[in-house]
Structures are given as structure tokens and as C-alpha cells.
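The next block holds one structure in the form of C-alpha cells; read it before the comments.
The values are calculated or read from the model by the stated rules, or taken from the named source; none is laboratory data. Remember, predicted model here, so these are calculated numbers, not experimental data. Neighbour counts run over all protein chains shown; Cβ positions are idealised from the backbone, glycine included. These area figures cover heavy atoms from the full protein model, side chains too; ligands, DNA and RNA do not enter into them. Shrake-Rupley method; radii C 1.70, N 1.55, O 1.52, S 1.80 Å.
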Amino acid sequence: MEALVPLQTAGQRLSVRVVSPGSVSIRRSVSGFAMDKRINFRAPSLLPIRAQQMGSLGVVASSSSSSVENDLRIKEWEVDMYQNEIAISQGIRIRRKPPVKAPLEYSGPFELRFHNNADSSPSNILEEITWYKDEEVSRMKELNPLELLKKAVEDAPPTRDFVGALRSAHQRTGFPGLIAEVKKASPSRGILKENFDPVEIAQSYERGGAACLSVLTDQKYFKGGFENLEAIRRAGVKCPLLCKEFVVDPWQIYYARTKGADAVLLIAAVLTDLEITYLLGICKKLGLAALVEVHDESEMGRALGIEGIELVGINNRSLETFEVDISNTKKLLEGKHGRIIREKDMIVVGESGLFTPDDIAYVQAAGVKAVLVGESIVKQSDPEKGIAGLFGKNISHT
Ligand SMILES: O=P(O)(O)OC[C@@H](O)[C@@H](O)c1c[nH]c2ccccc12
């Protein structure tokens, strides 16, 4: 992807280059010296339009470099503001970056609006994680450029069938297929397991009859890591693996694929419909399944309107308040939404707060064909037995 927009202004040259689906690099050359600036975009598929908008700089740029820089800042800021507007119109409360005041001399469509949303501390934990992720991903991208990841993906072994594994476990056991989570800690519960050996836990889950595994890769808030995903895959575990991450950029999907993931999580509270559609396309191209996670009616409605979703997760925990209520799964599967899900034969995953055979029976009666469980099984000294305890029955293959 090399969309080039060369702009000639007095004494200097600007060019905009698309470096990855989510970012462009702007190069300013003045008398032989080049300076690069990277801008990340919220809605990557809007990129060609954005690049054209950048083109208008050619008209507004003057010979003074500080004014060119300010024009750039204004464009960058406006792009963020447009993207926030789209998110707000879809009922998304999570802001993807800390709000920034309008650049100097700004006049335009957002003139009267920026102070409404100018609180610069995150409103909840999900927003905090999202803001941190944005920075973290920018750093990681520098170390692992997309071009290299794309090459690595070409040589990567094929992915395993995540959805198929859930369906066949459901058929084999008569219970919802289990996605067992390798989880050391969480912001709401603190450390769940002190002597945490991800490979041992994964193998124990597999022996216990888990259909798939979920591996938390977020380091800062969940004490996870991509090295856990890699190690579990390398240890010969056969269950398909879900990379449990806060995806805000397409680059993360390529990265997950190179680290051994078979599926990724997409959180509807953070991503716009267009982003979900775009990221689903990348997953498909890379042979990955996508678990689209919703928490309320509005997110469920959005997810059902997006073409090509096979797996919907209903999180019983609010990532904004940490409140857990397993009746959320039932509530979101009643009425129209439940009907659409049955018609489309989608798999719904009941997520979080499941501890007992009664809990499993409750969400199964509500209509889920799979469950995602962390705390209640990871905490057991023998996670394999933890699974039998959770279902009230041994569900292993033997
Ligand atoms: O440990 P629990 O309550 O069984 O929950 C597991 C899983 O659902 C939870 O970890 C989870 C669901 N969605 C997420 C998104 C990000 C991080 C973590 C999660």
C-alpha cells in the first residue's frame, strides 16, 4: 500500500505514505533533510479519503514551516474528531485517545464542540486500557513493522478451526463448548494465581476437556503476554487458541497470527461498526476466527447488523464498572436478538462469572453453545479437576 500524495510548497516537500492499514507517515523534506511523522487512524478503511484530505494541505500550506506544522496538526486533530463523532453516533462511550484541545488558530466544524469532551482523564478502566493500548501498539509497531509480520504470516503454520472445535465439543458433551482462560490476574480481581505456569495450566485444561483456550496477552492490566501464547502453542497443545487482547489496530491481528493465535477478540464497546467489519476482513484473510464481544442490547444490535460474524460473546462483566451479572446473557438472548441468532445459527459464548454447574445450566438454557471461563478454573490447584467441578461431570475425552 503505497498511496503517495506529494505536495510541493515553497522550499519544502510533503509526502504522505500509507505505512500500514492503520497509519500513514508524513515526510517533510526541507533542503535535503527529511523528517517523518507517523499518524495512526481510528478507521483504517477510511484511509484513502483521509489521504486525499491531507492533499488539501498543498493548498493551505504556506512557506512558513510553523504554519505548515500547525496545518498538519489541525488535519490530524480533525480526523480524530470525525472518528469520535462516528463512534458517538453508534452509542460508543469509550474514547480511543485522551482528548486534545484544538490546535492554534483552528476554525472549522468542531469549533464549538471540543470543550464538551475535554476531560483528559479516562472515565473508566476500559477507557484507560484503550488509551494505554494505543501508545503500546505505536511502540510495538516500530519494533515489528507490518511488512515483516506479513512475511512471517506467509510461512506460519495453518490455523486451527476455533469455531469447529466449539461445535464438536458441544455435540460430544451435550454441554456448551468450553473456552478455558489462561489468566493470571485482572484489574477487578487482582492476582488469581501466584505460581502461574501458563503451559502447565493449558495442558491441564486440555486434559480436562476444554475445546479451546483463551490466552490473555495484555501485560500491564492482566499480567499476560504474547510469550505465553507462543509457549503454549510451541508446547504442542492442540486446542485452538484465542488471543485475548484489546484490539485497536489491524497491526495487532497480524501480530497475534505470528504468535500462534487461531482467533482474536474484538470488543464492540471500543470499535465502530466499520472497524469491526474491516478487522473481520483481516481475520478472514489470515484464517483467524473472531469473537465479537458485546455487553448490552445496543452492542448486540450492532453486532447482529454486521455481515460475517460467526461468534458473539456476551460478557456478563461490565468492563466499565466490573459489575458481574450472569442474567445479562439471558437478557440479551431474549426477543428479536435471540431469534436472529437462532436463524443465523451463530454461536453465542457466555462469558465471565461462571462458577458452578448451575451457572452453566442457566446460560445453556438461555441459548449459549459455548462458555468462556477463567477465574473459577484457573484458581484450582488442579485446573483439570476444576473443569469437572464446573460442569459437575468429567467432560474429558477419556
Ligand atoms: O474470569 P472469568 O470471570 O471467568 O472471566 C473470563 C473472561 O470472560 C474474562 O476474562 C473476559 C471477558 N472479556 C474480556 C475482555 C478483556 C479481558 C478479559 C475478558
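At least 1 residues that are within 14 Å of the ligand (Cβ to nearest atom) and either farther than 25 Å from F355 by Cα or open to solvent by 10 Å² or more (accessible area, probe 1.4 Å) (or both) in each: list the helices (runs of 4 or more DSSP H) lying fully within region 234-329 that qualify.
250-258, 297-304
With the condition being surrounded by 15 or more Cβ atoms within 10 Å (Cβ to Cβ) and within 15 Å of the ligand (Cβ to nearest atom), I'd like the helices (runs of 4 or more DSSP H) fully within region 335-398 carrying at least 3 qualifying residues.
It comes to 357-366, 375-378, 383-391.
Considering S186, S120, which residue is of a type in the set (S, T, N, Q) and within 13 Å of the ligand (Cβ to nearest atom)?
S186
Give the residues of region 199-209 that are open to solvent by 10 Å² or more (accessible area, probe 1.4 Å) and either aliphatic (A, V, I, L, M) or in contact (Cβ under 8 Å) with a residue 40 or more places away in the chain (or both), sorted by residue number.
V199, R207
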